[in-house]
Amino acid sequence: MRQFFRQLNWWIRRRRKEEELMEELQFHLSEEAEERQSESAARRELGNLALLQEATRAAWGWTFWERLVQDVRYAWRTMAANKAFTGLAILSLALGIGANTAIFSFMDSILLRSLPVRDPQALVRLSWHTRGHAVHGIEYHDSYVDDAKIGMTGGGFSYPAFELFGKNDSVFSSVFGYQGAGNLTLTALGQAELSSGEYVSGDYFRGLGVPPAAGRLIGPDDDHVGAPAVVAISFALSQKRFGGPERAAGQSILINDIPFTVAGVTPPEFFGADPELAPDFYLPMHTSLLLQAPNPRHPPASLYFAADYDWVDVMARLHPGVSLARAQATLAPQFRQFEATATTNDRNDLPALVMAPAAGGLDSLRRRYSKPLYLLMALVGLILAIACANIANLQLARVAVRRREMAVRLSMGAGRGRVIRQLLTESLLLAVLGGAAGVAFALWGIRVLTLLLGNGRENFTLRADLNWHVLAVAATLSLLTGILFGMAPALHATRVDLIPALKVSRTGERRSRSMGGVSLSRLLVVAQIAISLLILVAAGLFVRTLSNLQSIQLGFHRESVLTFALNARQAGHREPEIATFYNRLRKRFSQIPGVRSASLSEFALMGQGTMFTPVTVSGARNGGSEPGRRSAKILAVGAGFLSTMEIPILLGREIDERDLHDAPMVAVVSEEFARDHFGDRNPLGEHLRLPTDRCPKCEIEIVGVARDARYGRLKEDPDWVVYLPFGQPAWDPVSRMIYELRTSGNPQAYVHTVREVVHQEDARVPVADVKTQSALIDGMISREITFARLCTAFGILALLIACVGLYGTVAYNVARRVGEIGIRMALGARQGAVVWMVLREVLILTAAGLAISVPVVAVTSKFVASFLFEMKANDPMAMAAAVTILGTAAILAGYLPARRASRIDPMLALRHE
Amino acid sequence: MSQKPPARVELLQGTLDLLILRTLLTGPEHGHAIAKHIQRTSQELLQVETGSLYPALHRLEAQGWIAASWELSGKGKRARYYRLTASGRRQLVSEQSKWDTFSRAMGLVLNPEEAQ
């Protein structure tokens, strides 16, 4: 190391060093001359001064650096002389390395980084697993996994179960729970806005080990009935609403009109235990008693006693030295015993406790993005491979042209190592430039990917950035690619048989028997075509999946519908006035010019969630559905909902203005529900009951049958759906409602008018989640949309790079054979024959690539099967399309040089010799 | 006929470094003096080529075994004086013991009768 710095120091002072050497030798000369009494004798003794200086300089240890500088300078000149080649090479490398860097930065932030908390490895996440299925509850997409084969896995526990875990301090040093509080109206400094909150138990911040950025965070003393109402807010919210964490601590705010004190602010890098949710503020769990709307049939306090109502997400911190397996073994029997006495579940199917490491936070982000990212990483890796093959190929062609130069250098005594070094320097310089451009491209790519993956969500917390390990990966990639595509041509170029190489004319090694370079470059082209087909097939599969998804028969008309959410209960509206308020708003919306009709429902049909519960039918063929078999989806709707969504009524009537909260209870059922329960009989006038604790005895009359429409899930067949008028006693009291406005023209044009109308009716009610129904549906298939777009872009990129490679190889071969073609034409070969001669080579190369690739595709495409919808992984259409596109592109790329070959003037070509 | 110069011995590869280090053990010297000292003490059997002396000096300096500084020579001229560093001293000890072993081994093989 010291030696290196000494060399560096000398290198910096090299001019001075040279002078010193001169002076030293001068001194030696004068001493010698004095001794011998003769200057000329002294000079003779000294010998060749220049050689001596050169040898001494070598001892200074810079030769390596000096040569490097020479090589880089020479490489730079060569590159500058071939601008087209250099530009193309750097561009394709930059795209390849940039795409890899961008995707890797996402993998880094999702899959590799841990929660920003103390000792994240000791955190575990608790969940349960049953073999059966839920029969009633709320389903948001991705809230839990429900699979016909493996049963159901979920995260929520009842509060008593949560307390049970907390009591057991032999394995855990801390157990804490949390639950999303949804969007609440937060009024700070006189301004009301909707912000997302999270209920957290008293030990949440201590258990995670998160220090406050200002003030203090929520502790166990804050989380019980009667404690002063405090809230911890996120760093971002403190900046947005108060202008900084220091100013926020201690402030008074209103949440849903209830006064709270800001106790403190969380650190900027903390987004909650589930980074995807990223709440704006954290409330002590028991404040839910203050905030949740009084509900006569469901006192909120029962949440804390009911053992069969699962709602708390639970995480825990292991004691040092306690393994996950031991914790699981200790707690699982206790939980089983608890469930056996507490739940109403089938005794043979009690939920079992499952523990998983939680260092990366909740796995919802990972579950959603890890597989897509691995897939994208594989695709961009392939693109980089094509780019490398391309540059290797271009290098090979160029090296072949430079064969004479190499021969001259070697014959003048340059070592083979030295020439290889020179060529490698050129490759590495290309790679470094490509890598630098790639990082710039990656910066842009990360922004685009964030937009694509976030798909318009405002609180999308997946923030990828360039950090040192991402940059290290980019640098490694550049160097590796540089060596990869530089080594083969360099080795090849220096294995020159000097004499024939020196003899050839400047146009190249026309008569060279050595076909090594040519066959290597052909091999590279074949590989490129094979890899391109892989990517094109992937693109084809995803595009077809997307089009399958977009052509699903929804059962309603998705275009020109504006949706938005209003929550009158949070603004203080109560029964029975709240229903009147919602109905009055519906009327006013339907009077807006251009709005064809307006209605409201508890959820939008697509893109939000569903409620489901078992239904018993009186007089049904088989006595109705039994609990545990199949539930019906329930949607509470306002007047005119079915006609607004354009769901046709097959029998009877739809839910309309007369079905008020105190009117007779009615329902409209879906076609499939009617068919499965009543067969060919007329279901009108029959009654059904919802055996839940809301109103188990309420008799609901069926007044209509609607055609099947999808509600909640896009990818599965329509379920049984029961539409109920909102506000009637058989179903939950209303709080938040979604309005649907069927408009003429662009729905977004009505947003302003809607806000004005709501403001006039009640300024305390904010308009939230304004979206079109189409956008909601697109949000559900955002992954498929992203994949289709990205893979199409990747496919085009791969095709482009491969075609450039093919074109380059063919053009080079044509240039090499100018003389031969000239002779053929002079002897009477037709233009068509010449074109065919060149094209035949292209076709052989393409066919070879396809022959390798098609079986590979057939085997590998099953890895993407889980991303596809209503199609098999080895879809013949996608394969045929990819082969056609690739074949056409290859012929086009080959035709240009072929045509040029056919235009060769025989006279000129022969004179070339 | 002029007087016949004494028969010179070609320096073995790598031995010059050892000779320079040994010479500097007695104190700092400049290049010319080092060469003369080797010549004198070897009774003119070893002739140090200037063409290899200076590269060797600079190589040793790059390795950190000797250090150089500009000082006035006995005749009042500026000269580059080399002196042994601590690591150079260690190097000298190890090189010298290696050389001793080597020359003893050579002697044993070439003159077996003397060894008995």
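Between the alpha-carbon centres of segment A:79-109 and segment B:19-83 there is a gap of 54 Å. A Förster radius of 35 Å combined with the Cβ-Cβ distance from A:Ile852 to A:Ala440 puts the calculated FRET efficiency at roughly 0.50.
Using a simple spin-label model with pseudo-atoms 7 Å out from Cα toward Cβ, A:Ala41 and A:Leu896 lie 7.6 nm apart. The phi torsions of segment A:311-318, fed into the Karplus equation with coefficients 6.51, -1.76 and 1.60 and a -60° offset, translate into couplings of 8, 9, 7, 10, 10, 8, 10, 6 Hz, rounded to whole numbers, with Gly and Pro shown as x.
Ordering A:Val770, A:Val758, A:Thr792 by the projection of their Cα atoms onto the charge dipole of segment A:742-793, which places +1 on the Cβ of Lys and Arg and -1 on the Cβ of Asp and Glu, puts A:Thr792 at the extreme positive end.
Listed cross-link partners A:Lys240/A:Lys587; A:Lys715/A:Lys862; A:Lys167/A:Lys371 are compared with a 26 Å cut-off, the Cα-Cα value being larger for A:Lys240/A:Lys587; A:Lys167/A:Lys371. Think of each Lys and Arg Cβ as +1 and each Asp and Glu Cβ as -1; about the Cα centre, that makes the dipole of chain A roughly 4720 debye.
Kirkwood-type hydrodynamic radius, chain B: 15.8 Å, calculated from all non-identical alpha-carbon pairs. The mean number of partner chain beta-carbon atoms within 10 angstrom of a residue's beta-carbon across peptide A:28-40 is 3.
3J(HN,Hα) along segment A:743-752, derived from phi through the Karplus expression 6.51 cos²θ - 1.76 cosθ + 1.60 where θ = phi - 60°, amounts to 10, 9, x, 5, x, 4, 5, 9, 4, 4 Hz, with x in place of Gly and Pro.
Once you sort the root eigenvalues of the Cα gyration tensor of segment A:1-126 as a ≥ b ≥ c, which label holds: rounded (a/c under 1.5), prolate (a/b larger than b/c) or oblate (the other case)? Verdict is oblate for segment A:1-126.
Backbone phi angles across segment A:658-675, fed through the Karplus curve with coefficients 6.51, -1.76 and 1.60 (θ = phi - 60°), yield HN-Hα couplings of 6, 7, 7, 5, 9, 7, x, 6, 10, 8, 10, 10, 7, 3, 5, 4, 4, 5 Hz in residue order; Gly and Pro are listed as x. What separates the Cα centres of segment A:474-488 and segment A:752-771 is a distance of 58 Å. For A:Ala214, the residues whose amide H sits under 5 Å from its own are A:Val265, ignoring neighbours fewer than 5 places away on the same chain, with H placed 1.01 Å from N.
Rank by packing, highest mean first: peptides A:842-848, A:739-745, with packing defined as the count of other Cβ atoms within 10 Å averaged across residues.
A:739-745, A:842-848
A cut-off of 5 Å between modelled amide H atoms, ignoring neighbours fewer than 5 places along the same chain, links B:His30 with B:Tyr82.
Segment A:772-813 and segment A:158-218 have Cα centres lying 44 Å from one another.
Where in segment A:784-885 are there trypsin sites (Lys or Arg not before Pro) that are in a DSSP coil and have at most 11 other Cβ atoms within 10 angstrom of their Cβ? Hits after loop and neighbour filter: A:Arg830. Shielding by partners for peptide B:68-76, expressed as the average number of C-beta atoms from other protein chains within 10 Å of each residue's C-beta, is 1.
Remark: mean inter-chain Cβ contacts per residue of B:22-33 equal 2, using a 10 Å Cβ-Cβ cutoff to other protein chain atoms.
The H on the amide N of A:Gly727, modeled in the peptide plane, is under 5 Å from the matching H of A:Val734, each at least 5 residues off or on a different chain. The modelled label-to-label distance for the pair A:Leu480/B:Lys98, using points 7 Å beyond Cα in the direction of Cβ, is 4.0 nm. For chain A, the longest principal axis of the alpha carbon atoms and the long axis of helix A:364-401 meet at an angle near 20°. For the protein assembly as shown, the Cys residues with no second cysteine's beta carbon closer than 4.7 Å are A:Cys388, A:Cys791, A:Cys803. Take the accessible area of A alone and of B alone, subtract that of the pair with a 1.4 Å probe, and the total buried over both chains is about 2200 Å². Within a straight-line Cα-Cα reach of under 18 Å, B:Lys36 can be paired with the following aspartates and glutamates, leaving aside sequence neighbours fewer than 8 residues apart in one chain: A:Glu24, A:Glu31, A:Glu32, A:Glu34, A:Glu35, A:Glu39, A:Glu45, B:Glu10, B:Asp17, B:Glu44, B:Glu49.
Taking the square roots of five times each eigenvalue of the Cα gyration tensor of segment A:209-276, the equivalent ellipsoid has semi-axes of 18, 15, 11 Å, listed largest first. Treating each Cα of chain A as an identical point scatterer and summing with the Debye formula, the log10 of I(q)/I(0) at q = 0.10 Å⁻¹ comes to -1.19. When each of the peptides A:519-532, A:382-395 is scored by how many other beta carbons lie within 10 Å of its residues on average, the order from highest to lowest is A:382-395, A:519-532. Could you state the angle between the C-alpha long axis of helix A:416-454 and the longest principal axis of the C-alpha atoms of chain A, as a value from 0 to 90 degrees rounded to the nearest 10? With both axes taken from Cα atoms, the answer is about 20 degrees. The long axis of helix A:14-36 is offset from the longest Cα principal axis of chain A by roughly 30 degrees.
The values are calculated or read from the model by the stated rules, or taken from the named source; none is laboratory data. These figures come from a predicted structure and were not determined experimentally. Using ideal geometry, Cβ is built from the backbone for each residue, glycine included, and neighbour counts are taken over all protein chains shown. Remember, those area values only see protein heavy atoms, side chains included, never the ligands or the DNA or RNA. Shrake-Rupley method; radii C 1.70, N 1.55, O 1.52, S 1.80 Å.
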